[in-house]
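Report on the following structure.
The values are calculated or read from the model by the stated rules, or taken from the named source; none is laboratory data. None of the values given here were measured: they were computed from a predicted structure. FYI the Cβ positions are ideal-geometry reconstructions off the backbone, even for glycines, and counts take in every protein chain you see. When the accessible area is computed, the model is the full protein with side chains, heavy atoms only, and any ligands, DNA or RNA have been set aside. Shrake-Rupley method; radii C 1.70, N 1.55, O 1.52, S 1.80 Å.
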Amino acid sequence: SKRAKRVLVVEPDPKCREILKSLLPLYPNVTLLESALSPEDCIKLNAVEGFGSSETSALAIGDGASVEVQGCSMAKLLKTAGPGPLFVKIDIEGYEYEIVQELKALDAPEVSGVQLAVHPALYEKTQGGPVLFRRGKALLATLRLARLFGRLERQAAVGKYPSLVTYLSQGVAFAPTPRGADILFLNPRPPLQSSAPDHTLSAR
């Protein structure tokens, strides 16, 4: 909120929403959208060890309660945000693999950067078949996400991995359990008039 003129936060977890609501008076440029990033009008949200954790997901991986929440498409979010430049952070606990075409909408002139969290271990849990088959699907699906955008250039897998190749090999293919990472994409030609985004979208 200190770096952008306006921040839109998309939060479907009911407990997390209440926490965010209590913090909103401290951040007047933050707007909370009580919905989930999804092309569907309504989506089932599954809790892992209760709501309020960072592992709540739209994937069928929950071990506890579930709730129906309103969906909000990427096109609607971009329209709500208005003109750019925009920076978008997405951390939706494995659901990124299910809405690849929805994420493709971010390959737009007004988007100056995307930080996409990938969760191959969660995606692997939803697949059937032998371990090698499930791991192969998780690897290919992660590579597809890493190659999603044409306008934005992939920088690296953020964190302990210095490059995407290292991440895919050490963090996914040959790891005992696939590890998550944030993949950063940036516009190689950012707008000259501003070094900071006008809007930041944070979707969970």
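Mind grabbing the accessible area of Lys21 for me, 1.4 Å probe, Å², rounded to tens?
80 Å²
Given a 1.4 angstrom probe, what's the average accessible area per residue across the stretch 66-179, in square angstrom? The partial results should precede the final answer.
Numbers: 5460 Å² over 114 residues.
Value returned for the stretch 66-179: 48 Å² of accessible area per residue.
Could you name the aspartates and glutamates in cross-link range of Lys125, using Cα to Cα under 18 Å and dropping any fewer than eight places away on the same chain?
Filter leaves Glu49, Glu55, Asp63, Asp91, Glu93, Glu96, Glu98.
Restricting to Cα pairs below 8 Å that are 6+ residues apart, what does the relative contact order work out to for the chain? Please round to a whole percent.
That works out to 26 percent.
Cα centroids of the stretch 15-31 and the stretch 131-145: how far apart, whole angstrom?
36 Å
If you average 1/r over every pair of different alpha-carbon atoms in the stretch 1-86 and take one over that average, what Kirkwood value in Å do you get? Walk me through the intermediate numbers first.
On the way: mean 1/r = 0.0722 Å⁻¹.
Kirkwood hydrodynamic radius for the stretch 1-86: 13.8 Å.
For the chain, set up a Gaussian network in which alpha carbons nearer than 10 Å are linked by springs, and say which option among Leu23, Leu116, Leu152 fluctuates the most.
Among Leu23, Leu116, Leu152, the largest mean-square fluctuation in the Gaussian network model of the chain belongs to Leu23.
Got the relative contact order for the stretch 128-187 handy, in percent, Cα pairs under 8 Å and 6 or more residues apart?
39 percent
Going by the alpha-carbon gyration tensor, a ≥ b ≥ c the square roots of its eigenvalues, is the stretch 1-43 rounded (a/c under 1.5) or, if a/c is not under 1.5, prolate (a/b greater than b/c) versus oblate? Walk me through the numbers before you get to the answer.
Working: a/c = 3.57, a/b = 1.56, b/c = 2.29.
Here the stretch 1-43 falls in the oblate category.
Where the eigenvalues come from the Cα gyration tensor of the chain, what are the semi-axes √(5λ) of the equivalent ellipsoid, largest first, in whole Å?
Semi-axes from the Cα gyration tensor: 27, 23, 14 Å.
Using Cα-Cα distances under 8 Å and only pairs 6 or more residues apart, what relative contact order does the stretch 1-108 have, in percent? Intermediate values should be presented prior to the final figure.
Numbers: 166 pairs, mean separation 26.2, N = 108.
Reported as a whole number, the value is 24 percent.
Using +1 on the beta carbon of Lys and Arg, -1 on that of Asp and Glu, and nothing else charged, what's the dipole of the chain about the Cα centre, debye to 20?
In total the dipole reaches around 640 debye.
Which aspartates and glutamates, if any, have their Cα less than 14 Å from the Cα of Lys160, not counting same-chain residues under 8 positions apart?
By straight Cα distance, Lys160 reaches Asp182.
Tell me, what is the 1.4 Å probe accessible area of Asp13, in Å² to the nearest 10?
0 Å²
Per the 1.4 Å probe, what fraction of the accessible area of the stretch 31-130, in percent, lies on carbon and sulfur atoms?
Of the solvent-accessible surface of the stretch 31-130, carbon and sulfur hold 49 percent.
With a 10 Å cut-off between alpha carbons and a GNM built on the chain, which of Gly94, Gly64, Gly180 moves the most?
Result: Gly64 has the largest fluctuation of those listed.
Got a number for the accessible area of Cys42? Probe 1.4 Å, square angstrom, nearest 10.
Result for Cys42: roughly 80 Å² accessible.
I want to verify a result. In a Gaussian network model of the chain, Cα cutoff 10 Å, which of these has the top mean-square fluctuation: Thr56, Thr126, Thr142?
So, out of Thr56, Thr126, Thr142, the one fluctuating most is Thr126.
Is there a quick way to get the dipole size of the stretch 62-164? I mean about its Cα centre, with the Cβ of Lys and Arg at +1 and of Asp and Glu at -1; what is the value in debye to the nearest 20?
360 debye
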